[in-house]
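The numbers here are math on the coordinates, done by the rules we state, and not lab data. Predicted model only: the values in this text are computed from it and were never measured. Cβ coordinates were reconstructed from backbone atoms using ideal geometry, including for glycine residues, and neighbour counts include every protein chain displayed.
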Amino acid sequence: QVQVVESGGGLVQAGGSLRLSCVASKSVFKIGAMGWYRQAPGKQRELVAAMTSFGRTMYSDSVKDRFTLSRDNANNTLYLEVNGLKPEDTAVYYCNAGWSRGGSNWYVPGNSWGQGTQVTVSS
């Protein structure tokens with residue numbers, strides 16, 4: 001089973017940026033798909049972005065045009081660049097190793113979750 005470890009969170013002011021990292025225990029190119037989720041206090045965990053092994057991406061409406069996925073195959077790392085941060089982006093961000101299926105909601109989460117990285121945005 002793939003293991004993933006997140007890092008890069010922190011406390012930033014509104015409008016700031018962070019780069020979150022997810023290091024996988026095997027090549028990200030060999031993982032069907034990977035996703036970033038977030039969970040705010042009292043709310044359900046939600047998918048914010050995902051990328052297939054072939055580079056297809058998706059973003060939730062709440063982060064589209066502000067968050068960007070990229071990866072470093074040599075270092076087994078998936079990045080989530082988060083820009084234009086808002087207080088409502090405050091959450092624990094989790095990386096997941098999963099796979100893809102057909103249709104618009106194509107990301108299927110696997111059982112591999114990291115410990116999460118906290119992002120706190122102050123107003």
(message) Please check: in the Gaussian network model of the chain (C-alpha springs, under 10 Å), which one of SER104, SER17, SER53 has the largest mean-square fluctuation.
(response) SER104
(message) Please list, by residue number, every one of the chymotrypsin sites (Phe, Trp or Tyr not before Pro) in region 54-105 that is coil in DSSP and has at most 13 other beta-carbon atoms within 10 Å.
(response) PHE54
(message) What aspartates and glutamates does LYS43 reach when the alpha-carbon gap must be under 14 Å and sequence neighbours fewer than 8 apart in one chain are set aside?
(response) GLU88, ASP89
(message) Compute, for the chain, the length of the dipole vector about the Cα centre, with Cβ point charges of +1 (Lys, Arg) and -1 (Asp, Glu) only. Units Debye, rounded to 20.
(response) 260 debye
